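Colleague: What follows is a single structure, and I will ask about it in a moment.
Bear in mind these aren't lab numbers, they're just calculated from the coordinates by the rules spelled out. From a predicted model like this one, the values you see are computed outputs, not experimental measurements.
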Amino acid sequence: MPIKFAVALLLASTMPGMTARVVAQEQGKTGATVEHILAYAGTWKVETESFATPHSKAGHEATTLRNDCWKSGAYVACRQIVDNDPKILLVFTCSGEGNTCTSYQIPPDGSDAHAAKMTIEGDRWTFPWSVTGGGKTTWFRVVNVWASSKEIEYRQEFSTDQVHWTQMAVGHEVKTE
């Protein structure tokens with residue numbers, strides 16, 4: 001599984017838009033800030049139903065995701081642990097202007113880090129990326145829609161034209177601590 005896809009799946013479990021909106025209002029900022037990312041912290045029960053597509057296999061998965069997050073200056077870092085197995089260290093930066101943040105995924109094996117964007121639009125947080133091969137580009141995204149700061153419905157999708165999207169998976173997550 002490509003690193004960006006794996007990270008997007010992990011991130012899908014942890015982006016509470018309602019909390020982000022409250023934080024932004026308290027700070028008087030109109031855009032995304034690293035303080036939003038602190039809503040990641042905690043333990044989440046994750047249920048995912050995957051579908052058979054050219055980019056995914058059908059199946060059901062239940063996991064526990066723990067995000068150990070901290071802020072240092074203009075950065076927030078989150079160490080993500082899935083079922084007690086450390087997966088990745090994410091470092092986030094956000095300008096506070098506009099709705100886009102950048103995350104840097106640092107694998108535990110010392111291999112190259114990767115950068116990715118995420119877009120925050122109220123309670124909808126989207127993690128887009130693309131893969132090009134054989135002269136064709138396929139776009140992917142994880143879309144989170146938050147009902148509260150402790151519950152999310154999400155979907156993982158792909159498209160060959162950025163107009164028509166095919167679901168690869170849907171999920172439900174609940175923050176337990």
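Colleague: Over what distance in Å are the Cα centres of segment 155-177 and segment 25-103 separated?
Modeller: Taking the Cα centre of each part, segment 155-177 and segment 25-103 sit 15 Å apart.
Colleague: Is segment 33-177 rounded, prolate or oblate when judged by the Cα gyration tensor, a ≥ b ≥ c being the square roots of its eigenvalues, rounded requiring a/c under 1.5 and prolate requiring a/b larger than b/c?
Modeller: Note, shape of segment 33-177 comes out rounded.
Colleague: What is the extension gain from D112 to V145, computed as 0.36 nm multiplied by their sequence separation minus the C-alpha to C-alpha distance, in nm to one decimal?
Modeller: Result for the pair: 8.8 nm of gain on full extension.
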